[in-house]
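Read through the structure below, which is laid out as structure tokens, and then see the notes.
Every number here is computed from the coordinates shown, using simple stated rules; none is lab data. Computed from a prediction, not measured in an experiment: that's the story for all the values here. Virtual Cβ from ideal backbone geometry, glycine too; neighbours counted across all protein chains shown.
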């Protein structure tokens, strides 16, 4: 029988996460949080945010419904993103428990959040260097951002530790984060003036042994859907 934490009854609410100062101040009060020292982006790490048994339950759900990952603009490279993706059911108590932990950590309004996604990376799979925001000058910007606006914050959690590889590299600050079960990464995709921050460029590096599972939650400028 799966044992998962009960969702918290309420969370702080900092809307979309812009301006970012209240969100950053809240995150810095969270137990065990580490802020990566950089003037170029706001990046936070929290080890063991999600307990191992909840990670295992989420992995089971990802494996049950995973499909090839898609991308808005692969720049003509069919190997740009080679993982698999699962759209998770927010009414599932396991998924709701994970979302509750994320919302408590970041304090953002759940109405601004995209549905929670899970990803699986097998040996050799990766997501080449990319940003999570949509390029305002890109051809698909209107298609993906006309209703909810651009992405403001990203929260990502590693659900397991592959045998080798699978790190996340933030290229602009040369920071490499190794996957650990339950570890959270959170970053602001925008600059202080609200424009997209290219220093958030990051690479989901190739898995060399085993497989890697991650959980991702993106937040938008306006309510989702």
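Among 93-106, 44-57, 127-140, the peptide with the highest mean count of other Cβ atoms within 10 Å heads the list, and the full ranking is 93-106, 44-57, 127-140. Run the numbers on the range 21-220 and let me know its relative contact order in percent, using alpha-carbon pairs under 8 Å that are six or more apart. Once normalised by length, the contact order is 28 percent. Across the range 85-150, C-alpha contacts under 8 Å between residues 6 or more apart give a mean separation that, scaled by the residue count, equals a relative contact order of 34 percent. Averaging 1/r over each pair of different alpha-carbon atoms in the range 64-118 and inverting the result gives 13.1 Å, the Kirkwood hydrodynamic radius.
A Cα-only calculation for the range 104-219 places Rg and Dmax at 14.6, 41 Å. Measuring between their Cα centroids, the range 25-60 and the range 77-156 lie 16 Å from each other. For residue 142 and residue 111, the difference between the fully extended length at 0.36 nm per residue and the C-alpha to C-alpha distance is 9.1 nm.
The peptide list 207-215, 30-38, 153-161, 76-84, put in order of mean Cβ contacts within 10 Å with the highest first, becomes 153-161, 207-215, 76-84, 30-38. Given R0 = 25 Å, the distance between the Cβ atoms of residue 193 and residue 222 translates into a calculated FRET efficiency of 0.90. Here the gap between residue 33 and residue 161, fully extended at 0.36 nm per residue and compared with their Cα-Cα distance, gives a gain of 44.1 nm.
Were the residues from residue 172 through residue 40 laid out at 0.36 nm apart, the gain over their Cα-Cα distance would be 46.7 nm. Computed log10 I(q)/I(0) for the range 21-220 at 0.19 Å⁻¹: -1.65, from the Debye equation with unit scatterers placed on every C-alpha and solvent omitted.
Peptides 183-193, 164-174 ranked from most to least packed give 183-193, 164-174, packing being the mean of other C-beta atoms within 10 angstrom over each peptide's residues. Report summary: the helix-based calculation at 222 nm, which adds -39500 (n - 2.57) for every DSSP H run with n ≥ 4 and divides by the residues of the chain, gives -5000 deg cm²/dmol.
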